[in-house]
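See below for the structure under consideration.
The values are calculated or read from the model by the stated rules, or taken from the named source; none is laboratory data. Just so it is clear, the model here is predicted, and its values are computed rather than measured. Heads up: the accessible areas ignore ligands, DNA and RNA and are worked out on the full protein's heavy atoms, side chains in. Shrake-Rupley method; radii C 1.70, N 1.55, O 1.52, S 1.80 Å.
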Amino acid sequence: MRETLIHPLGAPGNGLTLEPFPFGEVFVREYGHDVTAWAGFETLRDIREFRMTCMAAQVAGENPARHDEIVLRLACLRGDRGPRPWHWTAVP
């Protein structure tokens, strides 16, 4: 039976962790390469986080109940909420 891959969260040393164990090992084995070891990984991670924050800002503009989430995400990106992993709530 094949293990189900959900999504990679990163790797030790770059501010992220691989969860749930042994997900990181499974992902690397199945994908064939540890993308978190690539020199451009942090840049792509940062771009993705920025895009997710921009999307959350659009949602918050239409739904004031999501305002606190965008404030949190902006604080995280500014470095005001400590190192990763951050705990963001999904914004539908």
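In what order, largest first, do Phe27, Phe50 sit by accessible area if the probe radius is 1.4 Å? Spell out each step's value before the answer.
Details: Phe27 35, Phe50 120 Å².
Result of the area sort, largest leading: Phe50, Phe27.
Just subtract the alpha-carbon distance of Val35 and Asp68 from 0.36 nm times their residue separation and send over the number in nm, one decimal.
Details: separation 33, 0.36 × 33 = 11.88 nm, distance 3.19 nm.
That works out to 8.7 nm of additional length.
Ignoring everything but the protein chains, give the 1.4 Å probe accessible area of Glu30 in square angstrom, nearest 10.
For Glu30, solvent-accessible area is about 80 Å².
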